[in-house]
Amino acid sequence: MRYIKIPRERIGVLIGHEGETKKTLEERSKVHLTIDSKLGEVQIDDTESTDPLMGLKTENIVQAIGRGFSPEHALKLLDDNAYFLMFDLRDYVGKKETHIKRVKARVIGRKGRTKQILEEMTNSLISVYGHTISVITSVEYIETIRSAIEMVIFGSKHSTVYRFLERKRKEQEFSDFNR
């Protein structure tokens, strides 16, 4: 049994139109969700699941939906090769709203360009929601996207981050080629 709290305004997305998202998640993961829409609490009962990791995977899916991902994107976390990362900006820049806003703007970039480049070069999905930056990525890119986002958070020039991503992408292609 697992418990997780998500923003109340995201509960409707988790439940879906006429309960469709919740039902799909329960069918595909073989877990039971109990949702308290007033408190934003979700109880995950994975006792009937045969996969020992399914409770954790479902928790990550619920958290991803709570952090702004669409259910379709969040359900990619059922794949064994998919990982969920979450950066709480308060851990990096403190609780001051102006600092959080500035870092979120750096990650998104002008007209969403930085976020788009980060996603394309690491084959990842990024959501900037509230005081967090969340990522759905694969095992091949988990360390690369973590490093790139931290570089942006800590104030590295965008061009430096892009060069880093380009180098990592070439390394990845080289290692894929030699397999």
Worksheet item: Is it true that some residue in the stretch 88-109 is over 23 Å from residue 157 (Cβ atoms) and in contact (Cβ under 8 Å) with a residue 40 or more places away in the chain?
Response: yes
Item to complete: Return yes when residue 6 is among the aliphatic types (A, V, I, L, M), under 28 Å from residue 143 (Cβ atoms), surrounded by 12 or more Cβ atoms within 10 Å (Cβ to Cβ) and in contact (Cβ under 8 Å) with a residue 60 or more places away in the chain and no when it is not.
Response: yes
Fill in: Cross-chain or 6+ apart pairs with Cβ under 9 Å, the stretch 38-50 first and within 10 Å of residue 7 (Cα to Cα), then in a strand (DSSP E or B)
39/5; 40/5; 41/3; 41/4; 41/5; 41/34; 41/35
Discussion item. Yes or no: the stretch 49-58 includes at least one residue that is surrounded by 12 or more Cβ atoms within 10 Å (Cβ to Cβ), closer than 12 Å to residue 75 by Cβ and among the small types (Gly, Ala, Ser).
Written reply: no
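May I ask you to list the residues in the stretch 33-42 that are more than 17 Å from residue 74 (Cα to Cα) and in contact with a helix residue (DSSP H, G or I) (Cβ under 9 Å, 6 or more places away or on another chain)?
Initially, the stretch 33-42 is screened for residues more than 17 Å from residue 74 (Cα to Cα), giving 34-41.
Within the stretch 33-42, 35, 36, 37, 38, 39, 40 qualify.
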Worksheet item: Could you say which residue among 133, 126, 100 is touching a Phe, Trp or Tyr at 6+ places or on another chain (Cβ under 6 Å), modelled with pLDDT of 95 or more and of a type in the set (A, V, I, L, M, F, W, C)?
Response: 133
Worksheet item: Quick check: anything in the stretch 9-18 within 17 Å of residue 129 (Cβ to Cβ), of a type in the set (Lys, Arg) and either in contact (Cβ under 8 Å) with a residue 40 or more places away in the chain or outside any helix (DSSP H, G or I) (or both)?
Response: yes
Response to the item:
Taking the stretch 120-156 and keeping residues of a type in the set (Val, Ile, Thr) and over 19 Å from residue 95 (Cα atoms) leaves 122, 126, 135, 136, 137, 139, 142, 144, 145
Worksheet item: If you go through the stretch 157-179, how many residues are within 22 Å of the chain's Cα centre (by Cα) and polar (S, T, N, Q)?
Response: 1
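Restricting to the stretch 140-179, give me the number of residues that are within 17 Å of residue 108 (Cα to Cα) and among the hydrophobic types (A, V, I, L, M, F, W, C).
Summing the residues that are within 17 Å of residue 108 (Cα to Cα) and among the hydrophobic types (A, V, I, L, M, F, W, C) in the stretch 140-179 gives 9.
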Item to complete: Considering only the stretch 40-144, give the helices (runs of 4 or more DSSP H) lying wholly within it that have at least 2 residues that are among the acidic types (Asp, Glu) and not assigned by TED's automatic domain parsing to the domain that holds residue 25.
Response: 113-122
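The values are calculated or read from the model by the stated rules, or taken from the named source; none is laboratory data. These figures come from a predicted structure and were not determined experimentally. All Cβ positions, even for glycine, are placed from backbone atoms using ideal geometry, and neighbour counts span all protein chains on display.
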